[in-house]
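Here is the structure we will look at, set down as structure tokens.
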Amino acid sequence: MVMRLPIHDDAGLVIGAIGFALFDELHSLSPMLKRYMSMQEELASTRSLLRARQTKYNFAHFIGTSAASLEVKRRARRSASTDSPVLLLGETGTGKELLAQAIHNASPRAHKAFVSINSAAIPESLLEAEFFGTAPGAFTGADRKGRAGKLQIAQGGTLFLDEIGDMPLPLQSKLLRVLQEKEFEPVGSNDVIQSDVRVIAATSTDLEAAIKRGEFRADLYYRLNVLPIHVPPLRDRLDDLPALSEAILEELRSQHELNSEALALLGQHAWPGNIRELRNVLERAALLSDDLRLSAADIRAAIGTFTPVERVNPLAVEPVGHETFSAARERFDRQLIETALALCEGKVIEAAARLGMGRSTLYKKMAALGIAESP
Ligand SMILES: Nc1ncnc2c1ncn2[C@@H]1O[C@H](COP(=O)(O)OP(=O)(O)OP(=O)(O)O)[C@@H](O)[C@H]1O
Ligand SMILES: [Mg+2]
């Protein structure tokens, strides 16, 4: 019996082969075949695990050029080059997971695993084993052989601790040890394993309030809070709406566009579900409308419960007496005009109509305030 194994180069081309000639004792092949089959199975399952663990986001996916978004990106980019923990703070749907993946992919650990563990999604009783793994023989049944924990799988790479605010207190202490001593023990084992992971944590809960309630360890908070990044809610960066909507519609492979009233309406909703909600609304609107130009009515129908944004009264920002009447008036005028222009995509004629003033009056006001007409 003769067997040949091809040798491939990195590009998959066959560049040679190894040949085996097995003369007799065919039965001696059977253990080898068995081993080959089991390795084959192991390879397939490892491959599928790796695929599941693949990240899909980098910084280019984080859309937004508002000052708030640029600051988030700047901080996140800088954090990529260090090994210090990052703490992502922000409401649901603001892009924390996206940023965590982007940071990993821009870091020197990019070619290693990105492993996430969600404290809110796993029952408390299973969380520790999930985290640290189990030692062989420590359990009966499926875990008899021992199982690698997320911490081990993430070795050399990044561990993403999602919803860290929901982590039970006993596990918080153990995590603190990992961060400080860089070591841990699998459940049921006395072996100490050295850990080499970069931790990125995220939460939508107020950790300082959780500390006051005794639900979160202050020392862990300080250890994690080295590079905090506040991801602002969508209502605080409404300037990003046009670009975000366009990117989302493109990603949905939709031919739809938003007309200017539709865009203006987007800017009047408070988006409690943030960008995830925006995505759902646009997807629904595009599904329901045959007209490729989505109108305000289409958007209104797609938004479940409309929550109007509370516009900050510009006059209320400065306490009375801290600025003169004319300075306050100027600030008010500027804000009003800039908002109207933004809602009308910079079209002065439309903005004037919206404000109920003549076009030339608006031009004069803009000139006086130094507001440039967008090209
Ligand atoms: N700046 C952005 N640009 C484009 N898409 C974004 C942006 N931020 C978030 N998204 C999209 O919004 C959705 C929600 O993002 P993500 O899952 O990262 O939010 P999250 O903060 O982790 O939310 P949660 O707290 O609910 O887990 C995803 O589909 C993501 O692609
Ligand atoms: Mg998330």
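The values are calculated or read from the model by the stated rules, or taken from the named source; none is laboratory data. Note that this is a predicted model, so its numbers are computed, not measured. Ideal geometry is used to build each Cβ from the backbone, glycine not excepted, and the neighbour counts take in all protein chains shown.
Scan (1) under 22 Å from ASP236 (Cβ atoms); (2) aliphatic (A, V, I, L, M); (3) part of a loop (DSSP other than H, G, I, E, B); (4) modelled with pLDDT of 85 or more for the single condition MET357 breaks and write down its number.
Exception for MET357: condition (1).
Looking at the structure I just gave you, is ILE275 closer than 15 Å to GLY93 by Cβ and either aromatic (Phe, Trp, Tyr) or surrounded by 13 or more Cβ atoms within 10 Å (Cβ to Cβ) (or both)? Give the steps one after another, and end with the answer.
Values: closer than 15 Å to GLY93 by Cβ: yes; either aromatic (Phe, Trp, Tyr) or surrounded by 13 or more Cβ atoms within 10 Å (Cβ to Cβ) (or both): yes.
Considered against the rule, which asks whether it is closer than 15 Å to GLY93 by Cβ and either aromatic (Phe, Trp, Tyr) or surrounded by 13 or more Cβ atoms within 10 Å (Cβ to Cβ) (or both), ILE275 comes out as yes.
Being surrounded by 15 or more Cβ atoms within 10 Å (Cβ to Cβ), within 20 Å of LEU161 (Cβ to Cβ) and either touching a Ser or Thr at 6+ places or on another chain (Cβ under 9 Å) or of a type in the set (S, T, N, Q) (or both) is the filter here; which residues of region 216-254 pass it?
The answer is PHE216, ARG217, LEU220, ASN225, LEU227, ILE229, VAL231.
Identify, by number, the condition in (1) away from ligand 1 (no atom under 16 Å from the Cβ); (2) polar (S, T, N, Q); (3) in contact with an Asp or Glu (Cβ under 7 Å, 6 or more places away or on another chain) that THR203 doesn't meet.
THR203 satisfies every listed condition except (1).
Scan GLU97, GLU91, GLU124 and give me the residue that is among the charged types (D, E, K, R) and in contact with a Ser or Thr (Cβ under 7 Å, 6 or more places away or on another chain).
Working: GLU97 fails: in contact with a Ser or Thr (Cβ under 7 Å, 6 or more places away or on another chain); GLU124 fails: in contact with a Ser or Thr (Cβ under 7 Å, 6 or more places away or on another chain).
Every option except GLU91 fails the conditions.
Does region 255-265 contain any residue that is closer than 18 Å to ASP162 by Cβ and either modelled with pLDDT of 95 or more or not in a helix (DSSP H, G or I) (or both)? First the steps, then the outcome.
Our first condition is that a residue be closer than 18 Å to ASP162 by Cβ; within region 255-265, this holds for none.
Within region 255-265, not a single residue is closer than 18 Å to ASP162 by Cβ and either modelled with pLDDT of 95 or more or not in a helix (DSSP H, G or I) (or both).
Which of the residues that make up region 77-98 are touching a strand residue (DSSP E or B) at 6+ places or on another chain (Cβ under 6 Å) and more than 7 Å from ligand 1 (Cβ to nearest atom)?
The initial filter retains those residues of region 77-98 that are touching a strand residue (DSSP E or B) at 6+ places or on another chain (Cβ under 6 Å), namely 79, 83-89, 96.
Correct list: SER79, ASP83, SER84, PRO85, VAL86, LEU87, LEU88, LEU89.
Please go through region 302-324 and pick out each residue that is part of a helix (DSSP H, G or I) and at pLDDT below 85.
PRO314, LEU315, ALA316, VAL317
Among the residues that make up region 219-241, is at least one of them at negative phi, acidic (Asp, Glu) and within 12 Å of ligand 1 (Cβ to nearest atom)?
Initially, region 219-241 is screened for residues at negative phi, giving 219-241.
With acidic (Asp, Glu) added as a condition, the list becomes 219, 236, 239-240.
Going one step further and asking which of them are within 12 Å of ligand 1 (Cβ to nearest atom), we end up with 240.
Yes: region 219-241 contains one or more residues that are at negative phi, acidic (Asp, Glu) and within 12 Å of ligand 1 (Cβ to nearest atom).
Under 7 Å by Cβ, and 6 or more places apart or on different chains, what pairs join a residue from region 119-132 that is part of a helix (DSSP H, G or I) with one that is among the aromatic types (Phe, Trp, Tyr)?
So the pair list comes out as PHE132/PHE184.
Within region 153-175, how many residues are within 16 Å of ligand 2 (Cβ to nearest atom) and either outside any loop (DSSP other than H, G, I, E, B) or charged (D, E, K, R) (or both)? First the steps, then the outcome.
To start, the set of residues in region 153-175 that are within 16 Å of ligand 2 (Cβ to nearest atom) comprises 158-167.
Now narrow it down to the ones that are either outside any loop (DSSP other than H, G, I, E, B) or charged (D, E, K, R) (or both): 158-166.
Within region 153-175, residues that are within 16 Å of ligand 2 (Cβ to nearest atom) and either outside any loop (DSSP other than H, G, I, E, B) or charged (D, E, K, R) (or both) number 9.
I'd like to check something: does region 314-324 contain any residue that is under 20 Å from TYR57 (Cβ atoms) and either touching a residue at least 40 places away in the same chain (Cβ under 8 Å) or touching a Phe, Trp or Tyr at 6+ places or on another chain (Cβ under 9 Å) (or both)?
As a first pass, look at region 314-324 and keep what is under 20 Å from TYR57 (Cβ atoms): none.
Scanning region 314-324, I find no residue that is under 20 Å from TYR57 (Cβ atoms) and either touching a residue at least 40 places away in the same chain (Cβ under 8 Å) or touching a Phe, Trp or Tyr at 6+ places or on another chain (Cβ under 9 Å) (or both), so the answer is no.
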